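Structure, as structure tokens:
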Amino acid sequence: MSKKIFSGVQPSGNLHLGNYLGAIKNFVELQNEKNTECIYCIVDLHAITVKQDPQELKKNIRETLATFIASGLNSKKSIIFSQSSVAAHSELAWILSCVARIGWLNRMTQFKEKAGKDKEKASIGLYAYPVLMAADILLYDTTHVPVGEDQKQHLELCRDIAQRFNNEFRSPNFLKVPEPMIQKNFSRIMSLKDAKNKMSKSDPSDLSRINLTDDKDTIINKIKKAKTDTMPMPDEKEDLKNRPEVLNLLEIFSCLSGNSIEKSKKQFCGKNFSEFKEELSNLLVEKIEPISNEIKKLLDDKKNLDNILLEGSQKANEYGEKKIIEMKKIIGF
Ligand code: TYM
């Protein structure tokens, strides 16, 4: 059976190693699989759930696209576009917001984290965010959604919404119930400064993350400063539950080298942390520096980037409009 892949990334600047290993790297692998159609979306409508500066947003949309291309996505193989250029996303989001239940949204942990203490002042968009995400996915009859583990709850909600629509409107399988595709070697890439938090673009400390635009010296410096502990490098059998910083660095190493975590533990057992950090920096520079250089080059030709998005939006609009027409018939419009 053929697979249909959909995923999205917010254009909020500072795309980082977590985005790369949790999502973008998999986007590229899926793009190159047989019988697989891939649709990748820059979710600018999601970005405006918090305040944005218009010029900064425009810049970040192009930078996100440049990051996709620099990481290996190819607009001839995958559909790449921005969410706001396909009106069907917003239209479907409204319909689905009449299907989703308030109780379901109240359980979303990401809203609680993002809204913080003052929930009353959060935008309605921030609250309804997962419904728009469900619309993104369901609009394209997506079978699989590659995301980081932090998006798992939103995907479960998306499945619930699809099933409820199909039942309520007696249209079995009209909305396809998608499967999440979550990295197996790690759950989340954590902050380099405090492994209790995930690596994130909103962390005020730049030292907490490796940005995909970082140069060689910056990467080396960040790994040098990354938090570890005073114990020696672990052996193969050691459980790293209580050493989250060390586990995080080993997971990054394993994921980039394509080895299992056990193999990485074995490789560095008995060695100094400095030796491990040096190898990790080398590997990061080898993988990230070419991406960073390519992003800079691509950003020099804004017209080319805008054309890629235009072409992608034409294809996405074709799919989107077709689904909305069918849906309107089912609803009775
Ligand atoms: P966003 O923009 O926050 O993140 C983009 C992708 O990167 C993954 N990710 C991580 N993975 C591992 N470790 C981390 N520290 C880390 N940080 C981020 C995210 O899981 C995500 O896969 N709501 C989504 C965007 C979205 C979407 C969609 C995704 C909108 N519509 C439809 C899939 C399908 C988001 O805010 O991702």
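The values are calculated or read from the model by the stated rules, or taken from the named source; none is laboratory data. Bear in mind that the values here come from a model prediction, so they are computed numbers and not experimental data. No Cβ is skipped: glycine too gets one built from the backbone with ideal geometry, and neighbour counts run over all protein chains shown. The area values use the complete protein model at the heavy-atom level, side chains included, leaving out ligands, DNA and RNA. Shrake-Rupley method; radii C 1.70, N 1.55, O 1.52, S 1.80 Å.
Quick check on my filter: what residues within region 136-149 are over 9 Å from the mean Cα position of the chain (by Cα), within 7 Å of the ligand (Cβ to nearest atom) and open to solvent by 10 Å² or more (accessible area, probe 1.4 Å)? Give the derivation first.
Of all residues in region 136-149, those over 9 Å from the mean Cα position of the chain (by Cα) come to 136-145, 149.
With within 7 Å of the ligand (Cβ to nearest atom) added as a condition, the list becomes 136-137, 145, 149.
Listed by number, the list holds a single entry, 149.
The set of residues in region 99-135 being closer than 20 Å to residue 166 by Cβ and either open to solvent by less than 30 Å² (accessible area, probe 1.4 Å) or outside the structural domain of residue 175 (by TED's automatic domain parsing) (or both) consists of 99, 100, 105, 130, 131, 132, 133, 134, 135. The set of residues in region 150-169 that are out of contact with any helix residue (DSSP H, G or I) (no Cβ under 6 Å at 6 or more places or on another chain) and away from the ligand (no atom under 13 Å from the Cβ) comprises 160, 163, 164, 165, 166, 167, 168. For region 18-49, filtering for residues that are surrounded by 17 or more Cβ atoms within 10 Å (Cβ to Cβ) and closer than 30 Å to residue 119 by Cβ leaves 12. Counting only residues that are under 23 Å from residue 291 (Cα atoms) and either assigned to a loop (DSSP other than H, G, I, E, B) or among the aliphatic types (A, V, I, L, M) (or both), how many does region 6-49 have? So the count comes out to 18.
The set of residues from region 50-79 being assigned to a loop (DSSP other than H, G, I, E, B), open to solvent by 20 Å² or more (accessible area, probe 1.4 Å) and not hydrophobic (A, V, I, L, M, F, W, C) comprises 51, 52, 53, 72, 74, 75, 76, 77.
Out of all the residues in region 2-17, which are modelled with pLDDT of 95 or more and open to solvent by 20 Å² or more (accessible area, probe 1.4 Å)? Before the answer, list the steps.
Let us first name the residues in region 2-17 that are modelled with pLDDT of 95 or more, namely 3-11, 15-17.
3, 4, 8, 10, listed by residue number.
Answer yes or no as to whether residue 190 is buried (at least 22 other Cβ atoms within 10 Å of the Cβ) and among the hydrophobic types (A, V, I, L, M, F, W, C). Against the criterion (buried (at least 22 other Cβ atoms within 10 Å of the Cβ) and among the hydrophobic types (A, V, I, L, M, F, W, C)), residue 190 qualifies. Checked against (1) open to solvent by 10 Å² or more (accessible area, probe 1.4 Å); (2) at pLDDT below 95; (3) away from the ligand (no atom under 16 Å from the Cβ), residue 182 meets all criteria but (3).
Beta carbons closer than 6 Å, at least 6 apart along the sequence or on distinct chains, never pair a first residue in region 116-129 that is on the phi > 0 side of the Ramachandran plot with a second that is more than 16 Å from the ligand (Cβ to nearest atom) and open to solvent by 30 Å² or more (accessible area, probe 1.4 Å). Set side by side, the residues 13, 8, 72 differ, and just one is more than 14 Å from the ligand (Cβ to nearest atom) and small (Gly, Ala, Ser), which is 72. For region 209-301, the helices (runs of 4 or more DSSP H) that sit wholly inside it and include 3 or more residues that are touching a residue at least 60 places away in the same chain (Cβ under 8 Å) and surrounded by 12 or more Cβ atoms within 10 Å (Cβ to Cβ) are 216-225, 244-257, 273-299. Which residues, counting only those in region 185-196, are near the ligand (Cβ under 9 Å from one of its atoms) and part of a loop (DSSP other than H, G, I, E, B)? Those that are near the ligand (Cβ under 9 Å from one of its atoms) and part of a loop (DSSP other than H, G, I, E, B): 186, 187, 188, 189, 191. All told, residue 165 meets the bar of being over 27 Å from residue 13 (Cα atoms), buried (at least 21 other Cβ atoms within 10 Å of the Cβ), assigned by TED's automatic domain parsing to the domain that holds residue 104 and modelled with pLDDT of 95 or more. Evaluate the following for residue 79: is it closer than 16 Å to residue 316 by Cα and more than 12 Å from the ligand (Cβ to nearest atom)? Here the answer is yes, as residue 79 does meet what is asked.
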